[in-house]
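Novice: The structure under discussion is supplied below as C-alpha cells; questions concerning it will follow.
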Amino acid sequence: MASIDRLLICPLCHDRLLNPTTLHCGHSLCSRHLQAPSSSCPVPLCSSQPPSLRIPPHSRVRYTPAQNPVLPAPIPVPDHRSDVVLNKIIILVDRALQADDSEVQDSDSASASSRESSHRPRKRRKQHAVDDDEEPDLLSHLRSVAAQERSIPPDVPLIPSHHSPPPDPALQEFDKKLLDELTCHICYVLFYQPVTTPCQHTYCAKCLQRSLDHSTACPICRQELPSYYFQDQPLNKIIMSIILKAYPLLYQERAQAIQEEERNARLNTPIFVSNLSFPGVPTILHLFEPRYRLMLRRCLESPHPRFGMIMSPKPGAPQINYGTILEIRSVQMLPDGRSLVETYGSARFRILERGSLDGYMVGRIESIFDYPDDITHTPPEPPSDPTPSTPTNEQLMDTCKAFLDRLQRGAAPWVVQRLNSTYGAMPTDPALFSFWVALVLPIEEHEKAKLLPIRSARLRLMLVVHWIEQLNNNWYAWLTFVVVHGWLVDGPALPCLLWVLFVLTIARLIGWI
Ligand SMILES: [Zn+2]
Ligand SMILES: [Zn+2]
Ligand SMILES: [Zn+2]
Ligand SMILES: [Zn+2]
C-alpha cells in the first residue's frame, strides 16, 4: 500500500495528489495548478511519446497523423473534473493505510494485557517503520496473485481467486479493490496502455480507439470526444506506474496476449469489399467505416502493410472470389478518424476460405500468377500468309493503342489524360498492359473483373480486344458514353456541340434539311 501511495505524487508540487486531473500529455496534477480555461501542461519539460500505433520502424508506409485545423490543442479539461480512477485509488489507499494504523494502535493498547496477541502487528509496524520498500507481505502476495493469474485466459473477466490461504485478508481485500479500479470498462480486464479522456475517464488506448470508431461519445459519461485527440495520446503516467508496481507480471501477460491476438488477426488476409482494382495500378481509398478503421490500424502495425480488395457483388449474384492485393503506400489521417489511403495493386488472389474478424472480412487466399512462359508464347506465324485470327501479343497491344489513339484524337482527349494521371504511364509489359487498358473501357466493372482469374496475359489481351471490337460495332452506345462522360468531366459545352452536330448529320441524312 505504501509503495502505491508513494506513486500518487503531483509532478508539479511534488506533494500528495489532491483532486487530480489528467491532461492530454498523460500528466496527472492537482487541479488547483490548472488555470481555466487553458489546460496546457505546466510540468517542466513535458514531452510525451504517443503509444497508440506501433508502426514498425522499417515500414515503408508514409503515415501522416491527423492535424487539427480548428481547435487549439490540447482540449481544455471541462470544469477541472477529477481523474475518476486516480481519485478512487487515492481513497482506497487512504482507507487501507488508516485501517492499518488503527489496527496497529489497537494492538499497542492491548499489549499491556496480552503480550502474545500484539506480537504480529508490532512486528509488522516495525518493518513498516524501518523500510517501506520491503513490504514482504504485499509483494509476495502480489507475486503469488500474478503467478496464479498466469493461467487465466486474457479474454475472461479477471476475478482474482486464491486457492492457497491468503497471507493477509486486509491485503487481499486491498488487492482485489485495486485491481477492480484498474479494470477497463470496455474490455473488463486490467488496463493495457491506459489513456484518460478530457472527461477524466480512463480506458485501454486500443479499447478507446475502437469505441471512437463507432461513436465519438465517452462510453461511460457520453460526453462528446474529439476522435483525433486520441489518435496519438500519451499514456496516463501515474496509472501506468501503479499498474507496473502492483501487477507487473499480469501487465506483461496482457501485452503478450494482445500482441498474439493482433498477430493472429494479421495471419488471415484482411479483405476490403469495395471496388475493382488491378495489379500495377495505384488506387486511392477513403476509409470511413469503423470496421475498416480497425482493419487499417492492424495493417499498419504489420511488417508488410497490405490488404486484399474485392468488388461488392451484384444483388442476388454469387459472392466474389477474385481480387487484388493492395500494398499501402501512404496514409493521411483526417481529424474525424477517417483516412485517405494510397495503395498500389501488387498481385491477384483467389479466396479459398472466408470469415469475418471484428466486422470485416478476412480470408485464406492463394495468389494468382500468370503461366511462366505465357508472355513469349505466341502462335506460330507463317511468314508468307499471316492469319488474321491469330494475332501476336504485339498486334493485340497495337489494336488497344490504336483504340486509345482514336479516343485521344477524337472527341474524348480527357480519356487518355485521365488514364495517365490516374493510373500512371502506359505499361509496356503485356501482363500489366491488359489491366491498364481495361480500366478505361466504358464497360461494366463486373465484366472487367473477368480479367482477374485469367492466368494468361495473351488471353486477357484477346478479351480486351474483343471488348474494343464490341465497342467499335456499338458506336451509338459509345457516342452516348463519350457524351455523358464528357459532360461529367469537361462540362456541358463540348457534349452539347457534339449532339448538335450529330442531330444535324442525322437530319441531313434523312432529308429534313
Ligand atoms: Zn500538485
Ligand atoms: Zn504534461
Ligand atoms: Zn480495455
Ligand atoms: Zn467520460
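The values are calculated or read from the model by the stated rules, or taken from the named source; none is laboratory data. It should be emphasised that the depicted structure is a prediction, and the values quoted were computed from it without experimental measurement. Glycine also receives a Cβ, built like all others from the backbone with ideal geometry; neighbour counts cover every protein chain displayed.
Novice: Going by the conditions given, is Arg293 of a type in the set (Lys, Arg), touching an Asp or Glu at 6+ places or on another chain (Cβ under 6 Å) and at negative phi?
Specialist: It is true that Arg293 is of a type in the set (Lys, Arg), touching an Asp or Glu at 6+ places or on another chain (Cβ under 6 Å) and at negative phi.
Novice: Restricted to the stretch 195-215, and to residues that are in contact (Cβ under 8 Å) with a residue 60 or more places away in the chain and in contact with a strand residue (DSSP E or B) (Cβ under 7 Å, 6 or more places away or on another chain), which residue is farthest from ligand 1 (Cβ to nearest atom)?
Specialist: Ala205
Novice: Further question on the same structure: For the stretch 21-38, name all the residues that are more than 8 Å from ligand 1 (Cβ to nearest atom) and either of a type in the set (Asp, Glu) or crowded, with 21+ Cβ neighbours inside 10 Å (or both).
Specialist: Matches in the stretch 21-38: Thr21, Thr22, Leu23, His24, Gly26, His27, Ser28.
Novice: Testing Ser274 on (1) touching a Cys at 6+ places or on another chain (Cβ under 7 Å); (2) free of Cβ contacts under 8 Å to residues at least 60 places away in the same chain, one condition comes back false. Which one is that?
Specialist: So the condition that Ser274 fails would be (1).
Novice: Shifting gears a bit: Need a quick list: helices (runs of 4 or more DSSP H) entirely within the stretch 435-513 having at least 1 residues that are at pLDDT below 90.
Specialist: 457-473, 475-490, 493-509
Novice: Let me ask another. Can you pull out the residues in the stretch 1-32 that are aliphatic (A, V, I, L, M) and either away from ligand 2 (no atom under 16 Å from the Cβ) or outside the structural domain of Tyr247 (by TED's automatic domain parsing) (or both)?
Specialist: Of everything in the stretch 1-32, those that are aliphatic (A, V, I, L, M) and either away from ligand 2 (no atom under 16 Å from the Cβ) or outside the structural domain of Tyr247 (by TED's automatic domain parsing) (or both) turn out to be Met1, Ala2, Ile4, Leu7, Leu8, Leu18.
Novice: Sort through Tyr247, Tyr251 and tell me the only one that's aromatic (Phe, Trp, Tyr) and crowded, with 22+ Cβ neighbours inside 10 Å.
Specialist: After applying the criteria, what remains is Tyr247.
Novice: Of the numbered conditions (1) of a type outside the set (Gly, Ala, Ser); (2) surrounded by fewer than 19 Cβ atoms within 10 Å (Cβ to Cβ); (3) in the same structural domain as Ala347 (by TED's automatic domain parsing), Glu261 fails exactly one; give the number of that condition.
Specialist: Failing condition for Glu261: (3).
Novice: Scan the stretch 283-320 for residues that are in contact with a helix residue (DSSP H, G or I) (Cβ under 7 Å, 6 or more places away or on another chain) and surrounded by fewer than 17 Cβ atoms within 10 Å (Cβ to Cβ) and jot them down.
Specialist: Lys314 - this is the single residue of the stretch 283-320 that is in contact with a helix residue (DSSP H, G or I) (Cβ under 7 Å, 6 or more places away or on another chain) and surrounded by fewer than 17 Cβ atoms within 10 Å (Cβ to Cβ).
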